[in-house]
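Trainee: My questions all concern the structure below.
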Amino acid sequence: MGIVINLIDALLFSFFLSIAILTPLIDAQICLPHSHTFYPDLLLDATQWYTNEFGDYLVAEKPDFFVGIIWVELLLQWPLALVNLYGILASKPWYNTTCLCYGVSAFTANIPIIVEMMGSGKATEKMFMMYHAFLGFGVLAILRGFTMRLFTIKTASSSKRPPLPKKKRI
């Protein structure tokens, strides 16, 4: 079980690292005014390339519900990604809880996006794959949060050690 947990943690670490870097640099452009004051041309060009390459009409059109989801990502999910990176590196016991919180938030944020893509008929195959990958990492984070708890409970309750002897009363 430990090898599987370590593999999941390695996958989640790479995902959290990409979120920690890309969220303030790329995703925040959706919420903040589109100007050269906040971002250099290189980052503006990277966002434009992503929009064109993946056909992400949500980034291009910036519908209100999507901007709201990006604010949730900036204010809740990004800090949780940073905390989860530290939790993985330092093997903190609270990592399971923060990973579960991140996973639930990411999963619920991606559901309306995927429903919008399916209903609009504007989404490209690449766009579907991108957002389904985010949904998959959300599910993986949820499972990671639950798996360690279940694993810990199972091992704690299935101890082979005999109970301690009771003290005699006189």
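The values are calculated or read from the model by the stated rules, or taken from the named source; none is laboratory data. Computed from a predicted model, the values in this text were never measured in an experiment. Don't worry about glycine lacking a Cβ; one is built from the backbone with ideal geometry, like all the others, and counts go over all protein chains shown.
Trainee: Within 23 Å of Leu12 (Cα to Cα), part of a helix (DSSP H, G or I), among the aliphatic types (A, V, I, L, M) and modelled with pLDDT under 95: is that true of Leu150 in this structure?
Mentor: Considered against the rule, which asks whether it is within 23 Å of Leu12 (Cα to Cα), part of a helix (DSSP H, G or I), among the aliphatic types (A, V, I, L, M) and modelled with pLDDT under 95, Leu150 comes out as yes.
Trainee: Please tell me if Trp49 is at pLDDT 95 or above, of a type outside the set (A, V, I, L, M) and exposed (fewer than 12 other Cβ atoms within 10 Å of the Cβ).
Mentor: Answer is yes for this residue.
Trainee: So which residues in the stretch 10-31 are loosely packed, with under 12 Cβ neighbours inside 10 Å and either assigned to a loop (DSSP other than H, G, I, E, B) or of a type in the set (A, V, I, L, M, F, W, C) (or both), if there are any at all?
Mentor: Of everything in the stretch 10-31, those that are loosely packed, with under 12 Cβ neighbours inside 10 Å and either assigned to a loop (DSSP other than H, G, I, E, B) or of a type in the set (A, V, I, L, M, F, W, C) (or both) turn out to be Ala10, Ile21.
Trainee: Name every residue in the stretch 4-53 that is touching a residue at least 60 places away in the same chain (Cβ under 8 Å) and over 20 Å from the mean Cα position of the chain (by Cα), in order of residue number.
Mentor: Glu53, the sole residue that qualifies.
Trainee: Does Asn84 qualify as being crowded, with 17+ Cβ neighbours inside 10 Å, in a helix (DSSP H, G or I) and under 18 Å from the mean Cα position of the chain (by Cα)?
Mentor: Against the criterion (crowded, with 17+ Cβ neighbours inside 10 Å, in a helix (DSSP H, G or I) and under 18 Å from the mean Cα position of the chain (by Cα)), Asn84 qualifies.
Trainee: Please indicate, with yes or no, whether at least one residue in the stretch 63-76 is of a type outside the set (A, V, I, L, M, F, W, C), closer than 25 Å to Val139 by Cβ and either buried (at least 18 other Cβ atoms within 10 Å of the Cβ) or under 17 Å from the mean Cα position of the chain (by Cα) (or both).
Mentor: Yes: the stretch 63-76 contains one or more residues that are of a type outside the set (A, V, I, L, M, F, W, C), closer than 25 Å to Val139 by Cβ and either buried (at least 18 other Cβ atoms within 10 Å of the Cβ) or under 17 Å from the mean Cα position of the chain (by Cα) (or both).
Quick grid of which residues meet (1) in contact with a helix residue (DSSP H, G or I) (Cβ under 9 Å, 6 or more places away or on another chain); (2) farther than 21 Å from Cys101 by Cβ:
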site	(1), (2)
Leu22	no, no
Pro33	no, yes
Ala46	yes, yes
Lys62	yes, yes
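Trainee: Restricting the search to the stretch 123-139, which residues are among the hydroxyl-bearing types (Ser, Thr, Tyr) and surrounded by 15 or more Cβ atoms within 10 Å (Cβ to Cβ)?
Mentor: Tyr131
Trainee: State which residue pairs qualify: first residue of a type in the set (D, E, K, R) and inside the stretch 100-127, second residue in a loop (DSSP other than H, G, I, E, B) in any location, beta carbons under 7 Å apart, and separation of 6 or more residues or different chains.
Mentor: Note: pairs meeting the criteria are Lys126/Gly55.
Trainee: Here is a list of conditions, (1) part of a helix (DSSP H, G or I); (2) surrounded by 16 or more Cβ atoms within 10 Å (Cβ to Cβ); (3) at pLDDT below 95, and Tyr39 meets all of them except one; can you say which number that is?
Mentor: Of the numbered conditions (1) part of a helix (DSSP H, G or I); (2) surrounded by 16 or more Cβ atoms within 10 Å (Cβ to Cβ); (3) at pLDDT below 95, the odd one out for Tyr39 is (1).
Trainee: Something else about it: Residues Met117, Met129: which one is under 17 Å from Ser18 (Cβ atoms) and either touching a Ser or Thr at 6+ places or on another chain (Cβ under 7 Å) or part of a helix (DSSP H, G or I) (or both)?
Mentor: Just one listed residue meets the conditions, Met129.
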